[in-house]
Every structure is written in structure tokens, then in C-alpha cells.
1. List the pairs whose first member sits in the range 74-86 and is among the aliphatic types (A, V, I, L, M), whose second member is not in a strand (DSSP E or B), and whose Cβ atoms are under 8 Å apart, counting only residues at least 6 apart or on separate chains?
2. If His138 satisfies every condition in (1) of a type outside the set (Lys, Arg); (2) open to solvent by 40 Å² or more (accessible area, probe 1.4 Å); (3) modelled with pLDDT under 95; (4) over 17 Å from Ala40 (Cα atoms) but one, which is the exception?
3. Of the residues that make up the range 120-130, is at least one open to solvent by 20 Å² or more (accessible area, probe 1.4 Å) and at positive phi?
4. For the range 77-110, give me the residue count where each residue is open to solvent by 70 Å² or more (accessible area, probe 1.4 Å) and out of contact with any Asp or Glu (no Cβ under 9 Å at 6 or more places or on another chain).
5. Taking the options Gly150, Gly139, Gly94, name whichever one is more than 13 Å from the chain's Cα centre (by Cα), under 16 Å from Ala58 (Cβ atoms) and not β-branched (Val, Ile, Thr).
6. Taking His128 as the residue in question, decide whether it is more than 30 Å from Ile78 (Cα to Cα) and assigned to a strand (DSSP E or B).
7. Condition check: of a type in the set (Val, Ile, Thr) and without any contact (Cβ under 8 Å) to a residue 40 or more places away in the chain. Does Val90 satisfy that?
Amino acid sequence: MTHRSTAVLSLKTALKRGLLGSLLLGSALALAPADALAGACPAGQEGVGLRMPDPSPAKDVTDKVVASIDVAKEPAAIQDRQFRLRRIEVKPGGVVPWHSHEDRPAIIYVIKGEITEYASTCAVPIVHKAGESTAERHGVSHWWKNTGKGTAVLLSADLLHVKDADPGMM
């Protein structure tokens with residue numbers, strides 16, 4: 001067997017095991033520019049209860065569940081939880097209303113455009129741009145507004161507590 005044949009077999013094995021995707025993602029993150037992980041609250045601006053709830057209703061925003069998993073039926077066996085992936089589009093001037101992550105951790109990835117977050121844990125607005133991601137954890141309440149000129153497109157992966165879920169929850 002030649003070196004090339006061995007490499008092809010190794011690649012096929014990696015694909016079958018799903019390792020190639022992990023390796024590519026790890027490599028992309030390692031090679032990503034420092035600003036790809038930007039979009040966090042600036043140093044010295046963090047705290048608790050720094051922003052009060054905003055009453056603005058949802059405006060010019062669409063939220064579509066792309067996929068979901070009942071994690072009670074998975075090896076993790078987390079009862080009453082749904083792991084879901086959503087595509088959220090926010091038109092210029094659009095608003096994702098005030099909501100809490102007390103019981104719903106999430107990760108947001110900005111696919112296109114930019115969007116501004118107004119978080120209870122940050123004294124200043126946080127601008128998130130295409131290619132950036134942010135983790136939404138326990139203790140965070142916030143709202144988002146598209147202050148840019150184009151539609152912002154986001155992917156949101158969260159662990160929804162289905163028992164108490166509001167069907168319109170962002």
C-alpha cells in the first residue's frame with residue numbers, strides 16, 4: 001500500500017468518525033484572527049444589573065427552528081429540554097425583545113451583517129459582526145437591535161426548557 005493510499009484510507013476513516021469536521025473547526029479557530037472572537041463586553045464595563053429591561057416589542061425579526069433534539073432521549077438524558085438550532089433574521093431597525101438566559105444557555109453565531117446587544121451585564125452596547133460568536137449564560141438578560149444597514153442573520157443554538165417555554169421566546 002502506498003503512502004497516498006494510506007492517507008486516503010485515513011481520511012475516509014476520519015470522515016466516518018466525524019473527526020475531520022472537528023479537526024477543521026479546531027484549525028479554523030486556531031487560525032482565526034483575534035477579532036473573530038470579539039463582541040464581548042469591554043474590560044471594566046462588566047457587572048450585574050447594569051441595564052434594566054427594555055419594553056421594546058419584537059420588530060422586523062423572524063425566528064425559524066432549523067433542527068431540534070429531545071435530549072431526554074439522548075445519552076445525556078436531560079429531562080424536559082430541547083436542544084435546538086434556530087436561524088434568526090433581523091432587518092435594519094429590527095428588535096429581538098428583552099429576554100433572560102437564567103434557564104436557557106445559548107450560543108449565537110453571526111452569519112451576516114451586524115447587530116447590537118444591550119445586556120444586563122454590560123454598561124455599554126456590544127456590537128456583534130459577521131463571523132463572531134457569543135455565549136449567553138445564566139445571569140444574562142438582554143435585547144438586540146439591528147443598527148446596521150443590512151439584514152443581520154444569526155444562528156442560535158440553545159437548550160430550551162420545554163415545560164415552561166413560551167412559544168414566542170427568542
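The values are calculated or read from the model by the stated rules, or taken from the named source; none is laboratory data. Since we're looking at a predicted model, the values are computed, not measured. No Cβ is skipped: glycine too gets one built from the backbone with ideal geometry, and neighbour counts run over all protein chains shown. Accessible surface areas use protein heavy atoms only, side chains included; no ligands, DNA or RNA. Shrake-Rupley method; radii C 1.70, N 1.55, O 1.52, S 1.80 Å.
1. What qualifies is Ala77/Val71; Ile78/Val71; Ile78/Ala72.
2. Evaluating His138 over (1) of a type outside the set (Lys, Arg); (2) open to solvent by 40 Å² or more (accessible area, probe 1.4 Å); (3) modelled with pLDDT under 95; (4) over 17 Å from Ala40 (Cα atoms) leaves (4) as the failure.
3. No, the range 120-130 contains no residue that is open to solvent by 20 Å² or more (accessible area, probe 1.4 Å) and at positive phi.
4. In the first step, residues of the range 77-110 are kept if they are open to solvent by 70 Å² or more (accessible area, probe 1.4 Å); the result is 79, 83, 87, 91, 102-103, 107, 109.
Still in the list and also out of contact with any Asp or Glu (no Cβ under 9 Å at 6 or more places or on another chain): 79, 102.
The number of residues fulfilling the criteria is 2.
5. Working: Gly150 fails: under 16 Å from Ala58 (Cβ atoms); Gly139 fails: under 16 Å from Ala58 (Cβ atoms).
Checking each option against the conditions leaves just Gly94.
6. On the way: more than 30 Å from Ile78 (Cα to Cα): yes; assigned to a strand (DSSP E or B): yes.
Criteria met by His128.
7. No: the conditions fail for Val90.
Yes/no per residue for (1) small (Gly, Ala, Ser); (2) at pLDDT 95 or above; (3) more than 22 Å from His138 (Cα to Cα):
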site	(1), (2), (3)
Leu29	no, no, yes
Asp54	no, no, no
Val61	no, yes, yes
Ala67	yes, yes, yes
Ile78	no, no, no
Arg86	no, yes, no
